[in-house]
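The next block holds one structure in the form of C-alpha cells; read it before the comments.
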Amino acid sequence: MRFLAALFGRRARLRWLHLIIGGALLMPYFLVGMVLVGMAGGGEHLFSSPPAQFAAFALALPMAAVTGFFALVRPLSVAAARALCGVPPALLADGPARTRQARVRTAGWYTLHLALGGIISGATLALPPFAVGVIALPFFPGLRETLQPAAAEALGSPWALALAPFAGLAMLVALALVAAVAGEVLARRAPVLLGPTPEDRLAAAERRAADLAVRNRLARELHDSVGHALSAVTLQAGAARRVLDRDPEFVREALTAIEETTRRTVGELDSVLGLLRQDGEPDEEEGAAHGPGLEALGGLLARCGVPVAYEREGDPEDPGVVDPVVAREAYRIVQEGLSNALRHGGGAASPVRLLIAVRERERELEIVMENPLGERPAVARPGGGRGLRGIAERAVLLGGRAEARPYDGVWRLTARLPLTVPGTKATRTAEGRR
C-alpha cells in the first residue's frame, strides 16, 4: 500500500501535474528548436524523426535557461513548487531574483523543471495509449492485425499473448515510477536552487530588524506616554480618595489634573497611533511631529503629580539650539523619569530635582533627574524595567548615552544627548547658515 501511495497518492499526482506543466512550458522552445532543425536539415519528416526531435529538445533547453534569468521567474517557480511539489515554504525564497547568484540558480531550476517535464509529458502522452492497447490484445483479435509483422510474430505464442496484459500494466507502473522519481528529484533540488541566497537572508534579516525597530519605537512611545499618565492619575486619584471628606477643594484640583492628564494623553496616543497608519517606516523628522518636545515641558511638570525643582542652563526649548528630534526624545526621557519617581520614589510629597543644560562646548544636551529613594524596595514586576531600557535605547539611537542608579541616597537619572542629529532638517539648516 505504501508503494502504491508513493506512485499514485495525492503528493505523487501533484508532482506529476507539476512535471506536465513543465512540459507545457517547454513546448514553445521545442517548436522553435524544431524550426531550427528543419532549416538545417531540409524540413522533411521532422515530427516522425527521433533524431530531429532529440536535436530540437537539446536546442530548447538553452533557450529555456536564458528565460530563467528573468527576475520574475523565481516567484512563479516558487509558487508552483510550494503548491505542487510539497516543499516547505520556509525553505524557499520570497520575491524576484535580484542577484546574479539567485538568477543562475533559478535558471538551473527552470531548465531542470522543463527538461524533466518534457520527458515525462511526452511519455505520459505516448505510453498510456500504447500500454492500454497491449493490455487489450488478448481480448480484441482485431488489434493484433494492426501490429507490425515482427510484433505479431512475437505475440504468436499463447504464453506471450497471455502475458501481454501484465506487460501493459508494467508499462503504466514504470511510467508512474519514473514520474515519482522525477518529482522527488525536483522536490529535493528546490531548496537548493530556489532557496534563499546569502543576499536574500541578509535582506530578510534587515527587514526583520527594521520591523523590530519600529515595534520597539512604538512600544517606547506607548510606555512613556500612557505609562506616565496612568501613574499620575493613580497617584492623584488615591490622594483625592484619602481626603475626600475633609478637603473638597483638593479633590476638585485632583480631578481637574486627572482630566487634563487624560485629555493630553489621548492626544499623544492619537499621535502614536498615527505612526501605525503611515505607509512605510516613518523617519525621525516625521516622528518629531507626532509628539511633544521640550517646549511642552512646563505643562508636563505642572501636572505630573510631584513637586519638581526645575533648573535649566542655556535655552533647551529653542529649536535653533536643540534639534526637534532631540527635544522630543528628551521630553520622553523626562516623562519616564517622572513616572519612575511616582512609582518608586517617596510619593507626591517627595520633590524631584530636574536639570536640563545645553553644553555648547561638548555639543550635548544634559538631563539630570534626582528623586529620593523609596522607603521600601521597588516591587519586581514580570517584564519590568522597560522604562529604563527605553531611555537607554532613545539615547543610543541619537548617539548619546544614559544611566540610572542610586547616588548619595537619591535615585539619579543622567542622559547626555547630542544637540543635533546628522541628516535632519535642523542640522541641514544650521550647516547652511555656516
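Structural remarks
- Computed over segment 187-270, the P(r) tail beyond 21 angstrom holds 58 percent of alpha carbon pairs.
- Sorting 1-13, 323-335, 18-30 by their mean Cβ neighbour count within 10 Å, with the most densely packed peptide first, gives 323-335, 18-30, 1-13.
- Among 71-83, 198-210, the order from most to least packed when residues are scored by Cβ within 10 Å on average: 71-83, 198-210
- Per-selection metrics, segment 1-81 (Cα): Rg and Dmax in Å: 16.6, 52
- Nitroxide proxy distance, nm - points 7 Å out along Cα→Cβ at Arg353 and Ala58: 9.1
- In plain terms, the bigger the Kirkwood radius, the slower the diffusion; for segment 43-102, with that radius from Cα pairs, at 25 °C and 0.890 mPa s, Stokes-Einstein puts D at 176 µm²/s.
- Projected-area average for segment 22-123 over all orientations - Cα convex hull basis, square nanometres: 6.9
- Evaluated over segment 159-216, the Cα radius of gyration and Dmax, each in Å: 24.6, 80
- Packing-based ranking of 359-370, 124-135 yields 359-370, 124-135, ordered from highest to lowest mean Cβ neighbour count within 10 Å.
- Gain on full stretching of the segment that runs from Val185 to Met27 - 0.36 nm per residue minus C-alpha separation: 54.7 nm
- FRET efficiency, Glu253 to Ala71 (Cβ-Cβ, R0 45 Å, nearest 0.05): 0.10
- Label-to-label distance, nm, for residues given as Glu360 and Ala126 (7 Å Cα→Cβ offset): 9.1
- Label-to-label distance, nm, for residues given as Leu172 and Leu4 (7 Å Cα→Cβ offset): 1.2
The numbers here are math on the coordinates, done by the rules we state, and not lab data. Predicted model, so just to flag it, every value in this text is computed and none were measured. Glycine also receives a Cβ, built like all others from the backbone with ideal geometry; neighbour counts cover every protein chain displayed.
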